Amino acid sequence: MDAKARYEAWLTNPLIDADTKAELLDLAQDWSAVEDRFYKWLEFGTGGLRGTIGAGTNRMNIYTVRLATQALALSLKEKGAQGEGVVIACDSRRMSREFAQAAAGVLVANGFPVHLFPDIAPTPLLSFAVRFLKASAGIVITASHNPPQYNGYKVYNEAGCQILSSEADAIAAWMARLGLEEVKFDPNPDENPLFSWVGAEVVEAYYESVLAAVPKLTHSGKLRVLYTPLHGTGGRHVPEILRRAGFRQVAVVPEQFEPNGEFPTVRFPNPEDPAAFELAFSQGEKEESDLIIATDPDADRMGAAVRHGDRWILLNGNQMGVLLADFLLSRWDEERLKNGVLIKTIVTTEMIEPLARKFGVEVRNTLTGFKYIGALMDELPGEDRRFLFGFEESYGYLVGTHVRDKDAVVASLLTAQAAAFYADRGLSLVERLEQLCAEHGHYLQELVSYSFANSLEAERARLLVERLRQDSPTVLGTQRVRELRDYGRGTAISLDTGETEPINLPREEVLQWLTEEGGKASLRPSGTEPKMKLYLEARGATRSEAESRLAELKAACQELIARGLAGH
């Protein structure tokens with residue numbers, strides 16, 4: 001069925017409500033808008049659904065949510081995982097509550113018990129609730145840090161981990177076979193005997209688990225923390241966990257504290273974006289705060305800024321991951337560290353390696369995305385290994401085994417603990433990072449993003465990756481490449497000897513070059529969007545040496561990519 005046929009089918013379908021049809025009729029003279037909304041169904045992948053809110057098959061609306069949920073229900077029934085039900089949470093975005101209710105309506109109509117959070121809830125709390133309630137799956141309605149016109153739908157398995165490819169493929173296959181008329185739906189799910197609200201005891205158990213996961217720390221209480229949830233779900237939970245951990249000087253940014261899906265004070269509600277801290281910087285100056293913490297709308301990502309002299313220093317995800325790992329490893333005793341494992345993603349900093357060696361613990365790498373960290377956590381006990389800490393460069397951190405996803409609530413507490421610990425010893429987190437760099441080397445990172453305007457440009461990018469796979473550069477600037485890691489084929493190739501070793505990870509289209517000087521360049525095209533990312537890291541004995549190597553690495557890689565995209 002083409003876009004025009006889908007459009008006309010929605011206009012005549014008695015299942016589509018009058019308001020949706022009116023929205024579609026307003027587009028009757030705008031064929032490009034109609035085509036964009038109906039040229040395909042919104043695609044379901046490991047990240048679930050994510051898209052612009054609006055009418056149409058290629059939009060987030062109650063009909064795409066119902067279809068995805070019917071597919072989830074059939075997938076769960078297929079593997080006999082119906083009995084314990086599904087937990088549903090949502091964030092503060094537009095339509096989040098309506099989408100959560102739509103999902104609940106489909107599930108109870110299909111015979112599944114549903115546990116719905118009565119208020120907005122962080123994504124890690126959803127992961128916790130799935131495990132705590134022994135549910136078969138979880139759904140969270142969120143588009144994370146995307147702009148306000150977006151919303152999304154993420155699915156978690158019985159382990160509380162975001163689903164992996166095989167699970168997503170099963171749901172997508174069901175979606176492809178279903179029509180809206182095949183979706184079972186109860187319009188009043190909260191009146192169904194299979195429906196229940198998630199109780200306060202679940203939140204209380206989550207708090208207890210978070211507090212149990214971090215080191216026991218006595219501090220002076222002098223640290224002045226300023227927190228912003230960026231209009232999202234963290235406002236109820238981060239100040240409360242800090243209070244329970246003994247932090248008495250915690251202020252919030254009032255303009256950003258109340259949940260608001262319009263995110264009126266920020267361009268992007270993303271703690272990775274320095275602009276998201278502008279209000280906090282201003283307030284922090286007046287109140288002489290020591291630490292600013294920000295979490296994204298679904299409270300799985302956390303960013304922090306530290307007062308250093310008369311300036312605010314934003315710590316990136318790699319720096320914060322190293323600082324938190326160092327704090328944890330230095331506070332835990334030898335018994336706790338025994339057989340311990342730190343987990344990071346392949347594009348995350350290598351600075352963690354010498355730090356881990358110092359404490360005698362292992363570092364494991366996995367693919368980009370915290371779902372892979374969560375999945376690996378469950379494999380460790382079978383090897384008599386213990387999970388200690390996981391992190392990724394995109395501001396995701398986890399300590400403890402209470403969830404299987406990045407958790408900005410526990411990360412906020414851990415960051416405040418580390419800042420308080422060092423402050424009581426006359427150091428800021430920036431100064432502690434400088435000490436670590438002096439000990440282990442200076443590691444600097446940069447991310448370069450490429451967006452392609454059309455499918456032709458995206459195809460050139462795909463061909464570029466294939467050419468580089470076949471004919472890898474041996475030098476990047478003056479830095480000699482010692483190894484090419486081809487995650488798409490699962491091989492690591494030594495450019496010195498030509499020997500090949502397997503990479504025991506799921507396949508992902510990433511090429512990674514490691515240089516003799518400790519540099520790392522990772523090229524990662526998107527599998528679903530016309531985009532590509534280049535992750536760069538350089539190491540030096542001094543900061544200036546690392547800066548020089550990073551600039552050289554960036555220039556060499558950008559020239560290589562520019563020539564490849566031009567067809568040379």
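The values are calculated or read from the model by the stated rules, or taken from the named source; none is laboratory data. Please read all numbers here as calculations on a predicted model, not as lab measurements. When we count neighbours, we look across all protein chains shown, and the Cβ atoms used for this are built from the backbone with ideal geometry, even at glycine.
Condition first: in a helix (DSSP H, G or I) and crowded, with 23+ Cβ neighbours inside 10 Å. Now tell me which residues in the stretch 102-120 satisfy that. I'd like the intermediate steps shown before the answer.
We begin by selecting, within the stretch 102-120, every residue in a helix (DSSP H, G or I); these are 102-109.
ALA102, ALA103, ALA104, GLY105, VAL106, LEU107, VAL108, listed by residue number.
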Would you list the strands (runs of 3 or more DSSP E) that sit entirely within the stretch 422-530 and hold 1 or more residues that are among the β-branched types (Val, Ile, Thr) and over 17 Å from LYS554 (Cα atoms)? 491-494, 500-502
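Restricting to the stretch 383-399, count the residues that are of a type outside the set (A, V, I, L, M), surrounded by 20 or more Cβ atoms within 10 Å (Cβ to Cβ) and not in a strand (DSSP E or B). Step through it out loud before you land on a result.
To start, the set of residues in the stretch 383-399 that are of a type outside the set (A, V, I, L, M) comprises 383-387, 389-397.
Pick out the ones that are also surrounded by 20 or more Cβ atoms within 10 Å (Cβ to Cβ) and you get 387, 389-397.
From what's left, not in a strand (DSSP E or B): 393-395.
Summing the residues that are of a type outside the set (A, V, I, L, M), surrounded by 20 or more Cβ atoms within 10 Å (Cβ to Cβ) and not in a strand (DSSP E or B) in the stretch 383-399 gives 3.
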Across the stretch 137-169, what is the total count of residues that are part of a loop (DSSP other than H, G, I, E, B), on the phi < 0 side of the Ramachandran plot and surrounded by fewer than 24 Cβ atoms within 10 Å (Cβ to Cβ)? 8
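Here's the yes/no breakdown for (1) surrounded by 15 or more Cβ atoms within 10 Å (Cβ to Cβ); (2) without any contact (Cβ under 8 Å) to a residue 24 or more places away in the chain; (3) in the same structural domain as SER394 (by TED's automatic domain parsing):
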{"position": "LYS406", "(1), (2), (3)": "yes, no, yes"}
{"position": "ARG432", "(1), (2), (3)": "yes, no, yes"}
{"position": "ALA453", "(1), (2), (3)": "no, no, no"}
{"position": "ARG467", "(1), (2), (3)": "no, no, no"}
{"position": "GLY490", "(1), (2), (3)": "yes, yes, no"}
{"position": "PRO502", "(1), (2), (3)": "no, yes, no"}
Output the residues belonging to the stretch 218-253 that are at pLDDT below 95 and either among the hydroxyl-bearing types (Ser, Thr, Tyr) or outside the structural domain of LEU337 (by TED's automatic domain parsing) (or both). THR218, SER220
Evaluate the following for LEU226: is it in a strand (DSSP E or B), under 27 Å from ASN270 (Cα atoms), touching a helix residue (DSSP H, G or I) at 6+ places or on another chain (Cβ under 9 Å) and of a type outside the set (Lys, Arg)? yes
For the stretch 535-542, indicate whether the set of residues that are among the hydroxyl-bearing types (Ser, Thr, Tyr), surrounded by fewer than 16 Cβ atoms within 10 Å (Cβ to Cβ) and either in a loop (DSSP other than H, G, I, E, B) or in contact with a Cys (Cβ under 7 Å, 6 or more places away or on another chain) (or both) is non-empty. yes
In the stretch 271-318, which residues are surrounded by fewer than 21 Cβ atoms within 10 Å (Cβ to Cβ), of a type in the set (A, V, I, L, M) and in contact with a Lys or Arg (Cβ under 9 Å, 6 or more places away or on another chain)? ALA275, ILE313
Among residues of the stretch 153-210 being free of Cβ contacts under 8 Å to residues at least 60 places away in the same chain and among the acidic types (Asp, Glu), the residue farthest from SER412 (Cα to Cα) is GLU191
Checked against (1) polar (S, T, N, Q); (2) surrounded by 23 or more Cβ atoms within 10 Å (Cβ to Cβ); (3) under 30 Å from ARG507 (Cβ atoms), ASN365 satisfies every condition except (2)
